[in-house]
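Chemist: Sharing a structure with you now.
Where a number appears in this text, it was derived from the coordinates with a stated rule and is not lab data. What you are looking at is a predicted structure, and each value in this text was computed from that prediction instead of being measured. We place every Cβ from the backbone using ideal geometry, glycine too, and count neighbours over all the protein chains shown.
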Amino acid sequence: MKHILSVLLFVFLFSFPQYVNAQEDCKVLVPEIDSIYTGKCRKGFAQGKGTAIGVDSFTGKFYKGWPSKGTYTWANGDSYTGEFRKGKRNGEGILTLKLADRDSIMEGLWEEDLYLGPKPKAPKIINKFQIDRYTLSKSGGMKERVLINFLQNGNRNTTITNLRIDASNGVETKMGYSQGFEFIKFPVTIKVSYTTMNKLNTSSHDAIFEFEIFEPGDWVVDIFN
């Protein structure tokens, strides 16, 4: 029994300094939180889940020594919970400022510590009938526009008849085989109804796709049958 206890004591005394040194050698690259670190480490840097404490504190995930996602708390009690990149607020997050009578909250998107605004609301599908699938995406263009494409079997759907597209505002437009509306004031609601052949081209059916887009931009809507 004494021999076993001696072995366990030796292992503990041998391992504990290594653990302490590993934490001491595990660098956190934000000076305000680099005094004490407990958590996972990789190649000498904080990596994965951990907590770093200094003048301020951070608990969450680290990447190569930098806070990546979690909660950063300043000495005055203000805090930010969300995404980081190289120590700065980047991505989606919530900043809470501790004021005398109440908390002030800023929630949304951030870039290089600058607040960009609330996270855009995702498009809403109001009605979908006889639609296989669909995609709604921003094209990166400069216009306030929605263009609609009809696809089938990996190609343009050439069997569309009785097509009707109604929008809550905007001016009708066409670009190649795409059609829709431009000069839109968002949010906009668009309803598309038409008749199409099925994939095997053996029968036809009516289809309806109605949606609302909230975020301004140049949008492309692909409808698959």
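Chemist: Quick one: net charge around Lys43, please, counting Lys, Arg +1 and Asp, Glu -1 for every other residue with C-beta under 11 Å from its C-beta.
Modeler: +2
Chemist: Show me, bin by bin at 5 Å from 0, the whole-percent P(r) of the stretch 26-117 based on Cα pairs.
Modeler: Computed distribution, short to long bins: 3, 16, 25, 23, 16, 10, 4, 1, 0, 0.
Chemist: May I ask you to derive the FRET efficiency for Arg85 and Ser139 from their Cβ-Cβ distance with R0 = 22 Å, giving the value to the nearest 0.05?
Modeler: For Arg85 and Ser139, the calculated efficiency is 0.30.
Chemist: Right, something else. Which percent of the Cα-Cα distances in the chain go past 27 Å?
Modeler: Here the tail beyond 27 Å accounts for 58 percent of pairs.
Chemist: Another question, if that's okay. For Lys124, which lysines qualify as cross-link partners when the Cα separation must be under 30 Å and same-chain residues fewer than eight apart are set aside?
Modeler: Those lysines meeting the cut-off are Lys69, Lys138, Lys143, Lys174, Lys185, Lys191, Lys199.
Chemist: For the chain, what does the helix formula give at 222 nm: sum of -39500 (n - 2.57) over DSSP H segments with n ≥ 4, over the residue count, nearest 500 deg cm²/dmol?
Modeler: Roughly -3500 deg cm²/dmol at 222 nm, from the helical runs in the chain.
Chemist: Would you mind getting me the FRET efficiency between Glu107 and Asp132? Use the beta-carbon distance for r and R0 = 41 Å, nearest 0.05.
Modeler: My answer for the efficiency is 0.70.
Chemist: Could you state the number of Å between the C-alpha centres of the stretch 70-126 and the stretch 155-184?
Modeler: Their Cα centres are 38 Å away from one another.
Chemist: Okay, next question. Give the angle, between 0 and 90 degrees and rounded to the nearest 10, that separates the Cα long axis of helix 2-24 from the longest principal axis of the Cα atoms of the chain.
Modeler: Around 60 degrees separate the two axes.
Chemist: Let me ask you something else. Suppose the chain between Lys174 and Thr158 were pulled fully straight at 0.36 nm per residue; how much longer would it get relative to their current alpha carbon spacing?
Modeler: Stretched fully, the Lys174-Thr158 segment lengthens by 4.2 nm.
Chemist: For Ala167 and Val55, what is the calculated FRET efficiency with R₀ set at 45 Å and r taken between the beta-carbons, to the nearest 0.05?
Modeler: In this case the efficiency is close to 0.25.
Chemist: Another question, if that's okay. Find the Cα radius of gyration of the stretch 109-225, compare it with 2.2 N^0.38 Å by division, and give the number to two decimals.
Modeler: In units of the globular-protein estimate, the stretch 109-225 measures up at 1.16.
Chemist: Once phi is turned into ³J(HN,Hα) by the Karplus curve 6.51 cos²θ - 1.76 cosθ + 1.60 with θ = phi - 60°, what whole-Hz value does each residue of the stretch 81-96 show in order, with x for glycine and proline?
Modeler: 10, x, 9, 10, 9, 6, x, 10, 5, 9, x, 9, x, 10, 9, 10
Chemist: Go through Ile36, Thr71, Pro118 and say which Cα lies farthest out towards the positive end of the charge dipole of the chain; charges sit on Cβ, +1 for Lys and Arg, -1 for Asp and Glu.
Modeler: Ile36
Chemist: Quickly work out the Lys119-to-Glu210 label distance, labels modelled 7 Å from Cα along the C-beta direction, and quote it in nm with one decimal.
Modeler: 2.8 nm
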